[in-house]
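Have a look at the structure below, then the notes.
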Amino acid sequence: MRLSGNGVVATREAFLEWLSRGRTFVTETVARRFRLPFPSVPTPKAVLLPQHEALYRFFWARRTWNVHPLPPEGTPILLLAAPCEVKAVTDVLDAVFLGNAPQDPYYATRRKNLILGALGCTFFEATCFCTRVGGHPLSREGADFFALPLSSGVYFEGEGVSGRPLASSEKEELEALVADLEKTAPPPFPEKTPEYLYEAFGCDIWEDIAWGCLNCGACTFLCPTCFCFDLALEGRLRGAMIRTWDSCMFPKFTLHASSHNPRSHPMQRVRQRILHKFSYHPLRKGVFGCVGCGRCVALCPVNWDIREAVERVVSCAL
Amino acid sequence: MNSPWEPKIVAFLCHWCSYAGADLAGVSRIQYPPNIRVVRVPCSGSVDPLYILKALREGADGVLVSGCHPGDCHYLSGNYFARRKFLVLHKLLDLLGLRDRVHFSWVSASEGQRFADVVKAVTEVVRSLGPNPLREGESTCDTP
Amino acid sequence: MTLHDAARKLLEEHKVQGVLGYRKGSLPFRTRPYLFRDPCEIEELVFNPFCGLNLARYLLFLPQGIERVAIVAKGCDGRACVALVRENRLRRENLLILGVPCPGMVDTRKLAEWEGLKEHEVTLRGGEIVIRGVAYPLASFLDASCRRCRYRSPLVYDILVEGGEVPSLPQEDTLRELRSLPEEKRWEFFRKELSRCIRCYACRNACPMCYCKECFAESHKPSFLHPSPTLRDNFVFHIGRAMHLAGRCVECGACERACPLGIPIATLFLAVSDTVREHFAFEAGVDVAAPAPFVTYREDDPNAFIR
Amino acid sequence: MPCEGIYTPCLLPIAEIVEETRDIKTFRIPRPEHFVYRPGQFAEIFVPGVGEAPFSISSSPTEGTFLEFSIKRIGSVTQALHRLNPGDTVGLRGPYGNGFPVEELLGKHLLFVGGGIGLAPLRSLINYVLSPEHRLSFGDVFILYGARTPQDLVFRWELERWRKREDLTLCLTVDEGNASWEGRVGLVPNVLREVFSFPCTGWVSIVCGPPIMIKFTIKALRELGFAPGDILTTLEMKMKCGLGKCGRCNIGPYYVCQDGPVFSYETLLEMPEEY
């Protein structure tokens, strides 16, 4: 869904005033592009699935073990994110934590308390590739409201901010922006990409593709869709079960107690990351597990570029 | 529950000297603060800096590592090697602003009084520093 | 001989099966590691002030079939090679060090202020960096590890490439400012920085000297820390790693450049290297024959810090 | 203790511990009322202060009010479990996984091939099939079970019970016999070729054991004429949540904890080989 054009134009002050009414955060991407006076979080994931969270406590008392579940907590939060980051929540995280019975109560509570706004993008950064994976810089799909800075104010779709109808010059500005984005949009990956990649599992180019990757967790931890987590106990006589992010890049991710490791080689782990996002997840849920925000490309210590990797594998399969 | 805060100090004592020194302090009825929790190690050279870090991580307010005097090591040179490691750790913790959390000493088996004095001094220093700053934000594991 | 000629010649004459070098990245001001195996590819080999990664890291992760490899080495990459040979990770005869004098590596984060900056808009001129026609002192754009670098060209090399211009920059004591702060302020600084760490292990994995099969940070038996990035776990990870790198850190700063959050983590390792240099007169990767500082001792080592 | 939240285990006392072999013990714990399971499913067992790990349930739901887990001492959690005594507390979460497709097996002849501790999940289904209320719904039952040595055979009392029944064939084999061993000696796949001499129409084979045994047993079964869809096996994968959320048991488009652990060889064939 693209923007409908049925929104209103509010002044920047009115928009900011409305945002300031609640506990408002912006994602780092939004913070970098638009200087807004709100604290930033890395991605919506950091709000919905914190990196460190205690699920239950256990302790030894009165000569017996006790377990106390820690109830889910969530305070209302308003988060302004880029459209791709909104898509990461609605397409990927929601599907895993809510669409897959049983629902995760911790995620569900926080999600219920989250007002997620999309702030449209007016240009593609060098790392952006949302249009390659089915997204759009002006998409308001899944967001509770949509905003876009215009030269004369802020274009707003949704409830809460009052403004005036679009003037014809603003309509033209919007149309010009859409046309401009259309021209510069990176073209989508082939429709059958998940199938091609699945076929290419045994291809011999993986070694070459994975070479250079340090196998660190920077890409997965800073990714808005990577949801894999670890449950690790803290403490011995009293402590808690802690949920913390984990990464398929780490050798211990799949290490069995028997010391068998199905993905012991760095190449296998890189392959798992690409295939999980671009093949396994789409085959299971019908949407890419990547939203094209480009954070992994921008933050990779060795400039390992997932776009090139997918292109190479697709061309290998073809 | 609301008893005043008392520092907890983990002491790694070498089996041949400092542990025997602590023993002597005990049998000689020399009083020293009950704040230390002793871990007996074969030699101060066997104390990996990670043990010290782990003790701080687990909530110790201070750490004391004690071994034989230079030249007196039961294994001839263990404490000389230890001294090099400890110097680096000491300087690094100094940079971090945590210098006085971790103390090193040489105490021989015959120095019961000296052991008590060292523990007294270390306890006083750590007490003046207050609780371990690494424990901030720690709520899940401490209170049942 | 220029870098390209030397590299091409080595491949053409089958002196090595591969040349470990840098290639242009997919983003402006980024380079990426690449193993050149075909002489025709050598055109793509680059060396510029954005080659901050330490290539020696890849010497231990070469694809099969590569027996002898050439490495494009700045001073610090060269030191890492020596250190790895010293630790018996590599055989010197399987390694051909292609030394390049290093102008210092520009901290790309400092270029973010100029929006939409293109690569051709930045040039180096002597000790200056020229951005969109305006000259700035180069030193203020360099990483801390480069500002204090003692060995810009490799000390040990097989071929030293000609022509690279090495600006003579003064060696700065980048830790002086921090050291002059009072104790509480220093802890305040480290508490803040260590709390930011998300423990992605990019610093460790980018480090040429961190090659343990099982890192203490991920060990379960014994377990030294929890995988969650709390202050105390981050403290054990970084200080523990600094202790493991004492006398081994080659002061390249690759860890700090790798950090996706820009935590000045190299500070710890540089401080440890200073201690080792000052008190044990040892520098990692400088002398293949010198004994490591922690397998030897002197009876008159500093003792004043011990009660 | 009530079980709240999907990640919180409920605490239960261990009722009984049976020492099966020198490194395998069977733990019997009371079955909480809400814990309704199918053969082949697994549960997460929590040892306070140590950790949590997934184990397949080796008892059959037809057996009443207890659950049994047969556990080999391998990692930190299993080591801690082996140190526990009857009356000690463990936590339980589950049941998880798909279990064996019992409805699809109705009326079929069943060939069970187990190796080592791999008999545990099979035992759940075997006892389900052998229970008086279900026995008539299934055809012939053939059990081939192998272990490294006679001392490594698990469920010895159970094997004795099965041997006495006339409505099944039990064949035991060991890789390395000893003086008192009167059964067969040989690797499971080889013995399978020798003893299973019937036409395989109407038979379904259920295989569980160490990966290498599974691999060669499947090869032998294919030679005997079993279609890939008629071979069932259970996969092992590192797991944490058991709920298809934590992501680590992902193989291809499947999550072993939700879509498995029971897979047909047909499905396995199209899966990336990373298990």
Next item on the list: Sort D:94-101, D:230-237 for me by packing, meaning the mean count of neighbouring Cβ atoms within 10 Å per residue, highest on top.
Entry: D:230-237, D:94-101
Item checked: Spherically averaged projected area of segment A:244-318 from its Cα convex hull (nm²) -> 6.5 nm²
Note to self: Within a 10 angstrom radius of the beta carbon, how do A:34, A:129 rank from fewest other beta carbons to most?
What the structure shows: A:34, A:129
Check: Which whole number gives the average, over all residues in D:237-245, of C-beta atoms from other chains lying within 10 Å of the residue C-beta?
Finding: 6
Margin query: Can you tell me which lysines have their Cα less than 20 Å from the Cα of residue A:171? Leave out same-chain residues fewer than eight positions away.
Written below: A:183
Note to self: Placing unit charges on C-beta atoms (Lys and Arg positive, Asp and Glu negative, everything else neutral), compute the dipole magnitude of the protein assembly as shown about its Cα centre in debye, rounded to 20.
What the structure shows: 1800 debye
Item checked: Kyte-Doolittle mean at least -1.0 and Cα axial length at least 20 Å: DSSP H helices in chain A -> A:168-184
Check: How do A:60, D:162 line up, fewest other C-beta atoms within 10 Å first?
Finding: A:60, D:162
Check: What order, most packed first, do the peptides A:14-20, D:140-146 have when packing is the mean number of other Cβ atoms within 10 Å of each residue?
Finding: D:140-146, A:14-20
Checklist line | Inter-chain shielding of C:178-189 (mean C-beta neighbours from other protein chains, 10 Å cut-off) | finding: 3
Item checked: Over 24 Å (Cα to Cα) - which of A:45/C:221; C:221/D:238; B:91/C:192; A:277/D:240; D:72/D:238 fall in this group -> A:45/C:221
Checklist line | Principal-axis tilt of helix D:119-130 within chain D, Cα atoms, nearest 10 degrees | finding: 70 degrees
Notebook entry, point to check: Full extension from residue C:117 to residue C:220: what is 0.36 nm times the residue separation minus their Cα-Cα distance, to one decimal in nm?
Noted result: 32.5 nm
Item checked: Taking only Cα atoms of segment A:8-317, radius of gyration then Dmax in Å -> 21.5, 76
Margin query: Just to confirm my numbers, what's the Cα centroid distance between segment B:1-79 and segment C:105-178 in Å?
Written below: 48 Å
Checklist line | Loop-resident sites, segment A:218-280, for trypsin sites (Lys or Arg not before Pro), counting at most 16 other Cβ within 10 Å (DSSP) | finding: A:236
Checklist line | trypsin sites (Lys or Arg not before Pro) within segment D:69-168, DSSP loop, no more than 14 other Cβ atoms inside 10 Å | finding: D:83, D:148, D:165
Check: Taking every DSSP beta bridge that has both residues in the protein assembly as shown, what percent is antiparallel when rounded to the nearest 5?
Finding: 55 percent
Item checked: Förster radius 22 Å - calculated FRET efficiency between residue B:124 and residue B:30, Cβ distance, rounded to 0.05 -> 0.85
Item checked: Partnerless cysteines, meaning none of the other Cys C-beta atoms lie under 4.7 Å away, in chain C -> C:40, C:51, C:81, C:102, C:146, C:149, C:197, C:200, C:212, C:215, C:249, C:259
Notebook entry, point to check: Per residue of chain C, what 222 nm ellipticity follows from adding -39500 (n - 2.57) for every DSSP H run with n ≥ 4, rounded to the nearest 500?
Noted result: -7500 deg cm²/dmol
Check: Under 5 Å between amide H atoms, partner at least 5 residues away or on a different chain: which partners does residue B:11 have, H built in plane at 1.01 Å?
Finding: B:37, B:38, B:39, B:64
Item checked: Beta bridges by DSSP in chain A, antiparallel share as percent, to the nearest 5 -> 70 percent
Next item on the list: Enumerate the lysines that residue B:8 could reach by cross-link, defined here as Cα to Cα under 21 Å, with residues fewer than 8 away along the same chain left out.
Entry: B:54, B:120
Notebook entry, point to check: Kirkwood-based Rg over Rh for the protein assembly as shown (C-alpha set), two decimals?
Noted result: 0.99
Margin query: With angles folded into 0 to 90 degrees, how steeply does helix C:3-12 sit against the dominant principal axis of chain C? Use alpha carbons for both and round to 10.
Written below: 70 degrees
Next item on the list: Work out how far the C-alpha atoms of segment A:136-267 reach from end to end along every principal axis, then list the three figures in whole Å, largest first.
Entry: 69, 49, 25
Note to self: Explain nothing, just the number: dipole magnitude of segment D:10-96 about its Cα centre with +1 on each Lys and Arg Cβ and -1 on each Asp and Glu Cβ, in debye rounded to the nearest 20.
What the structure shows: 140 debye
Notebook entry, point to check: How high is the FRET efficiency from residue D:134 to residue A:20, r the C-beta distance, R0 41 Å, rounded to 0.05?
Noted result: 0.05
Item checked: Other protein chain Cβ atoms within 10 Å, averaged over every residue that makes up C:32-40 -> 2
Margin query: I need the phi-derived Karplus couplings for segment B:105-112: 6.51 cos²θ - 1.76 cosθ + 1.60, θ = phi - 60°, integer Hz, Gly and Pro marked x.
Written below: 8, 10, 9, 8, 5, 9, 9, x
Notebook entry, point to check: How much of the DSSP beta bridge set in segment C:3-280 is antiparallel, as a percent to the nearest 5?
Noted result: 65 percent
Check: When we measure straight from the Cα of residue A:87, which aspartates and glutamates land under 15 angstrom away, once same-chain ones fewer than 8 places off are left out?
Finding: A:141, A:144
Next item on the list: Along each of the three principal axes of the Cα atoms of segment A:1-107, give the extent in whole Å, ordering the values from largest to smallest.
Entry: 65, 29, 21
Item checked: Listed residue (B:74, C:236, D:116) projecting farthest to the positive dipole end of the protein assembly as shown, Cβ model -> B:74
Margin query: Using amide H atoms built in the peptide plane, which far-off residues or other-chain residues are under 5 Å from residue A:40 H to H?
Written below: A:26
Margin query: If I stretch the segment between residue D:15 and residue D:161 completely, what's the gain in nm (0.36 nm per residue apart, minus their alpha carbon distance), one decimal?
Written below: 50.4 nm
Next item on the list: Please get the size of the charge dipole for segment A:231-309, origin at its Cα centre, with Cβ charges of +1 on Lys and Arg and -1 on Asp and Glu, quoted in debye to the nearest 20.
Entry: 220 debye
Notebook entry, point to check: So for A:180, B:48, fewest C-beta neighbours within 10 Å to most, what's the order?
Noted result: A:180, B:48
Notebook entry, point to check: Counting other Cβ atoms within 10 Å of each Cβ, which trypsin sites (Lys or Arg not before Pro) in segment C:190-292 have at most 16 and sit in a DSSP loop?
Noted result: C:213
Margin query: Helix C:231-244 against the longest principal axis of chain C: what's the angle in degrees, Cα atoms only, rounded to the nearest 10?
Written below: 60 degrees
Next item on the list: Could you work out the relative contact order of segment C:3-280, using alpha carbon pairs under 8 angstrom and six or more residues apart, expressed as a whole percent?
Entry: 17 percent
Next item on the list: If a/c stays under 1.5 just call it rounded; otherwise compare a/b with b/c (prolate if a/b is bigger, oblate if not). Do that for segment D:92-194, with a ≥ b ≥ c from the square roots of the Cα gyration tensor eigenvalues.
Entry: prolate
Checklist line | For segment D:18-33, Karplus couplings with θ = phi - 60° (6.51, -1.76, 1.60), whole Hz, Gly/Pro x | finding: 10, 8, 7, 9, 5, 10, 10, 10, 9, 9, 10, 10, x, 8, x, 4
Check: What net charge do the residues around residue B:87 carry, taking every other residue with its C-beta under 11 Å from that of residue B:87, with Lys and Arg at +1 and Asp and Glu at -1?
Finding: +1
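Read-outs throughout are calculated quantities, based only on the coordinates presented, and are distinct from any laboratory measurement. Owing to the predicted nature of the structure, the values given are computational and were not obtained by experimental measurement. A quick note on method: Cβ atoms are made from the backbone with ideal geometry, for glycine too, and the neighbour counts reach across all protein chains shown.
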